Ligand code: TXA
Ligand code: MG
């Protein structure tokens with residue numbers, strides 16, 4: 001594995017290279033915001049289409065403000081409560097933000113990740129654009145080994161251990177007095193609403209109907225084998241033919257996946273489990289829809 005320390009990671013970024021960086025959600029494939037070469041390399045390494053904008057990772061609120069022209073009291077309140085943490089805030093971008101980062105949009109996604117190593121890195125370089133460090137459309141990485149499995153030695157990795165949240169940040173934008181969630185994640189609408197209420201702001205928080213986040217495609221976070229969600233009383237021995245009938249194929253090596261009932265624990269192990277089932281040679285993943 002091509003592991004680098006903090007010092008080398010800074011050098012690689014400043015020289016226009018990419019580095020995989022640890023965050024609390026998933027590993028990111030980072031390029032320096034001030035390096036068009038580094039930004040290009042993110043897209044070519046990931047095989048990511050240019051229409052999908054990148055999130056800019058910053059070390060603190062002060063730095064976030066330098067990338068935007070409309071940092072509202074709602075942005076401020078949410079960032080104060082949630083950062084460092086798994087919330088990406090969309091705000092109007094300044095002219096200085098490279099259109100390659102935003103896919104030509106007038107807005108930019110800003111996020112302060114909760115990981116000591118990456119915060120240290122960000123303090124040294126200012127801003128790092130980073131999508132999840134996986135090939136486009138595939139399962140996100142939550143360990144340095146996952147990044148290596150994805151890209152081999154082509155991508156240097158700053159190893160910060162296993163990601164503690166395990167799923168991507170919530171992506172939210174602000175329109176007047178309404179907060180719109182474009183991508184669900186760790187922070188729910190209720191959590192954001194409560195944060196704002198505590199700060200004396202009574203805003204509506206809604207899930208955007210047709211997601212405007214261009215990353216929300218039909219095929220995303222995809223394992224290599226099919227994943228089937230079954231009712232709680234499903235029993236593989238008796239019911240496997242139902243899965244076969246539905247998918248038009250016979251399966252013989254199911255991964256019968258008992259997910260933890262705690263949403264936090266389920267999130268933490270989600271991508272790790274999907275990747276493991278792929279590697280273990282199963283031909284289908286079966287998991288139960290748990291009632292709450
Ligand atoms: O947890 C995370 O957010 C991880 C870690 C590495 O920080 N990053 C991540 O990046 O998930 P990525 O590129 O896989 O997903 C970024 C999402 C995409 O759905 C993208 O469309 C959305 O954020 N996004 C970025 N900028 C946006 C903008 N200006 N307007 C709307 N959506 C935006
Ligand atoms: Mg991603």
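Structural remarks
- Binning the alpha carbon pair distances of the chain at 10 angstrom intervals from zero yields the distribution 6, 27, 33, 22, 10, 2, 0, expressed in whole percent.
- For 257, 83, 32, order by how many other beta-carbon atoms lie within 10 Å, fewest first: 257, 83, 32
- Largest first, the extents of the alpha carbon coordinates of the stretch 1-52 on the three principal axes equal 32, 25, 19 Å.
- A convex hull fitted to the Cα coordinates of the stretch 29-77 yields 103 cubic angstrom per residue.
- Multiplying the residue separation of residue 246 and residue 233 by 0.36 nm and removing their Cα-Cα distance gives an extension gain of 2.9 nm.
- Taking the inverse of the mean 1/r over every pair of distinct Cα atoms in the stretch 229-284 gives a Kirkwood hydrodynamic radius of 12.6 Å.
- When the Cα convex hull of the stretch 97-169 is projected onto planes of every orientation, the mean area is 5.7 nm².
- Computed Kirkwood radius, in angstrom, where 1/r is averaged over Cα pairs of the stretch 142-292: 18.3
- Remark: 219, 282 ranked as 219, 282, counting other beta-carbon atoms within 10 Å and listing the fewest first.
- Among 129, 34, 203, the largest mean-square fluctuation in a Gaussian network model of the chain (Cα springs under 10 Å) belongs to 203.
- Here the chain carries DSSP beta bridges of which approximately 45% are antiparallel, counting only pairs with both residues inside.
- Percent of Cα-Cα distances greater than 27 Å, calculated over the stretch 1-144: 13
- At 1.306 mPa s and 10 °C, Stokes diffusion of the stretch 75-129 via Kirkwood alpha-carbon radius, µm² per second: 130
- Cβ crowding within 10 Å, taken as a proxy for footprinting-reagent exposure, orders 48, 276, 289 from fewest neighbours to most as 289, 276, 48.
Values quoted throughout were computed directly from the atomic coordinates according to the rules given, and no laboratory measurement underlies them. In this text the structure is predicted, and so the values were computed from the model without any measurement. Quick reminder, even Gly has a Cβ in these numbers, built from the backbone with ideal geometry, and neighbours come from all protein chains shown.
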